[in-house]
Amino acid sequence: MKKIAAILACVLVCGAMSAQLKVSIMGDSYSTFTGSMPKYYDTFYPNQFCGVTEQSQQWWQQVIDANGWVLEKNDSWSGSTVCCRGYNHDDYSDRAFVTRLNRIGSPDILFIFGGTNDDWTHEPFGDYKYKKWTKEDLYFFRPAMAYLLDNLKKLYPKMKIYCILNDGMSDDLGESLNTICKHYKVPVIEVEGIEKRMNHPTAAGMTKIAEQINAFIASEKK
């Protein structure tokens, strides 16, 4: 009987583990944490000044823990832009979100937290374009964001995508992200009231982001 009970317990545990949803993150410095991402990516966290020194404090780890999920991949690169143009008109093709879209593993859920650096570079956003992108198009946020979502949906048709909009962004960035996400039926979670130092979330700011994401996800289930 003890052997049968042990087997049943194993089946239940293994079944619960297999039922866990896998989550990937595509982001910039806000989502980095050394050890959770490719070694050659630039990182910002852990950061003593911001008070974020443990991975458990990262917004995405808090969301994953609160929902009983598991991390699949964290593909976040500090300073990266969605499009291929970065600061000082530099070519960011090596780190752009559009270049990294096939590095997220096989997740059930993907959180995209980007656009902040695209906004801060003060580069032109370009035109809305939803097909037949050229290489030049990918150097502008609007066509690049559309290209990113279009290809993600084709590569991962069963994956749920959420986009997160940072607070303190320009109206142009907010309008652009919401317009493009509406076209692809991707929810946008607009976070606000985030405590920051050096323009980056503190430990309290990370918790605030996680709380707002969890509240949004909970509202979808009602």
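When segment 1-54 is limited to residues that are over 24 Å from residue 195 (Cβ atoms) and among the polar types (S, T, N, Q), the one that is modelled with the highest pLDDT turns out to be 24. Just so you know, in segment 15-52 the residues that are in contact (Cβ under 8 Å) with a residue 24 or more places away in the chain and of a type in the set (S, T, N, Q) include one that is surrounded by the fewest Cβ atoms within 10 Å (Cβ to Cβ), and it is 20.
Which numbered condition trips up residue 187, out of (1) closer than 19 Å to residue 24 by Cβ; (2) surrounded by 20 or more Cβ atoms within 10 Å (Cβ to Cβ); (3) not charged (D, E, K, R)? Against the list (1) closer than 19 Å to residue 24 by Cβ; (2) surrounded by 20 or more Cβ atoms within 10 Å (Cβ to Cβ); (3) not charged (D, E, K, R), residue 187 comes up short only on (2).
Taking segment 53-64 as the range and being exposed (fewer than 13 other Cβ atoms within 10 Å of the Cβ) and assigned to a helix (DSSP H, G or I) as the test, only 56 passes.
The set of residues in segment 20-43 being basic (Lys, Arg) and within 15 Å of the chain's Cα centre (by Cα) consists of 22 alone.
Checked against the criterion of being among the hydroxyl-bearing types (Ser, Thr, Tyr), over 15 Å from residue 23 (Cα atoms) and either assigned to a loop (DSSP other than H, G, I, E, B) or in contact with a strand residue (DSSP E or B) (Cβ under 8 Å, 6 or more places away or on another chain) (or both), segment 109-124 contains one or more residues that satisfy it.
Within segment 160-177, not a single residue is more than 25 Å from residue 122 (Cβ to Cβ), free of Cβ contacts under 8 Å to residues at least 12 places away in the same chain and not aromatic (Phe, Trp, Tyr). Checking each residue in segment 65-95 for being closer than 19 Å to residue 163 by Cα, hydroxyl-bearing (Ser, Thr, Tyr) and either in contact with a strand residue (DSSP E or B) (Cβ under 6 Å, 6 or more places away or on another chain) or surrounded by fewer than 18 Cβ atoms within 10 Å (Cβ to Cβ) (or both) picks out only 76. Taking segment 166-222 as the range and being on the phi > 0 side of the Ramachandran plot and not hydrophobic (A, V, I, L, M, F, W, C) as the test, the residues that pass are 168, 185, 193, 199.
The values are calculated or read from the model by the stated rules, or taken from the named source; none is laboratory data. Everything numeric here is computed off the predicted structure, so don't read it as measured data. Ideal geometry is used to build each Cβ from the backbone, glycine not excepted, and the neighbour counts take in all protein chains shown.
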